[in-house]
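Student: Here it is: the structure, laid out below.
The values are calculated or read from the model by the stated rules, or taken from the named source; none is laboratory data. It should be emphasised that the depicted structure is a prediction, and the values quoted were computed from it without experimental measurement. Counting neighbours? That spans all protein chains shown, and the Cβs are built from the backbone with ideal geometry, glycine included. Calculation scope for accessible area: heavy atoms of the full protein, side chains included, ligands and nucleic acids excluded. Shrake-Rupley method; radii C 1.70, N 1.55, O 1.52, S 1.80 Å.
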Amino acid sequence: MSAWGTAAGAFVGTLLLTTVLRAASEFRLTRMDLPFLLGTAVTANRPRAKAIGYLMHFANGQMFAFVYYAVFVAIGHAGWWLGALFGLVHGLFAGTALVNTLLPLVHPRMGSPLTSAPDVALLEPPGFLMRNYGPGTPLVTVLAHVAYGSIVGGFTSLGPD
């Protein structure tokens with residue numbers, strides 16, 4: 001297992017995940033724009049939010065990959081299939097607890113089910129598995145995270161033990 005492999009896998013995996021989500025948005029499979037969602041947590045300026053959001057998303061990709069790496073080291077095994085399993089769990093966690101429950105608590109520009117009519121939010125609440133962003137969002141998001149995990153697991157397993 002290799003920490004350098006994990007870092008490289010995180011970059012490639014996050015690049016693929018981001019590209020898949022962006023393409024899914026362009027093909028109207030989802031209305032979710034994850035970098036915009038993240039960037040608007042720090043600024044209301046839309047172009048700046050996208051740029052900052054992409055940086056945040058790539059930083060998160062590295063962070064999550066090293067969480068995977070810590071588990072790989074703890075269990076003494078890494079591989080693409082194990083990474084895919086981690087990606088499945090990661091994608092389900094992201095769509096249920098992380099983005100649906102935790103992010104609206106700290107995101108100053110995201111609405112919630114409790115937002116009243118006079119409160120105008122820049123973003124609508126994502127809903128369970130981010131279904132408010134389109135019916136294809138759960139499938140696209142989970143599959144993209146499975147791909148991310150398999151890449152991280154595969155790259156991590158390439159290095160020396």
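Student: Using 1/(1 + (r/R0)^6) with R0 = 35 angstrom and r between the beta carbons of residue 45 and residue 98, what's the FRET efficiency to the nearest 0.05? If you can, show how the numbers build up before the last one.
Tutor: Values: r = 24 Å, r/R0 = 0.69.
Approximately 0.90, to the nearest 0.05.
Student: Ok, one more. Suppose only helical runs count, i.e. DSSP H with n ≥ 4. What mean residue ellipticity at 222 nm does that imply for the chain under -39500 (n - 2.57) per run, divided by all residues and rounded to the nearest 500 deg cm²/dmol? Each step should come with its number before you reach the end.
Tutor: Numbers: 6 runs with 100 residues, N = 161.
Calculated at 222 nm, the ellipticity per residue is -21000 deg cm²/dmol.
Student: Using θ = phi - 60° and the Karplus curve 6.51 cos²θ - 1.76 cosθ + 1.60, what whole-Hz ³J(HN,Hα) does each residue of the range 99-111 get, with Gly and Pro shown as x?
Tutor: Result, ordered by residue: 7, 7, 9, 7, 4, x, 5, 10, 7, x, 10, 9, x Hz.
Student: Separate question: Taking the solvent-accessible surface of protein heavy atoms with a 1.4 Å probe, what is the per residue accessible area of the range 1-156 in Å²?
Tutor: On the way: 7940 Å² over 156 residues.
Accessible area per residue, the range 1-156: 51 Å².
Student: Evaluate the relative contact order of the range 1-158 (contact order divided by residue number), counting alpha-carbon pairs under 8 angstrom at least 6 apart; express in whole percent. Provide the component values of the computation, followed by the final result.
Tutor: Details: 263 pairs, mean separation 63.4, N = 158.
Result for the range 1-158 is 40 percent.
Student: Which helices, taking whole DSSP H runs in the chain, have alpha carbons extending 24 angstrom or more along the helix axis plus mean Kyte-Doolittle at least 0.0? The partial results should precede the final answer.
Tutor: Values: long enough: 3-26 (34 Å, 0.98); 46-75 (43 Å, 0.73); 137-158 (32 Å, 1.28).
Once both thresholds are applied, what remains is 3-26, 46-75, 137-158.
Student: OK, next. Scan (1) 56, 38, 37; (2) 58, 30, 28; (3) 57, 29, 21 for the value of Cα extents along the principal axes in Å calculated from this model and give just the label.
Tutor: Evaluating Cα extents along the principal axes in Å on these atoms matches (2).
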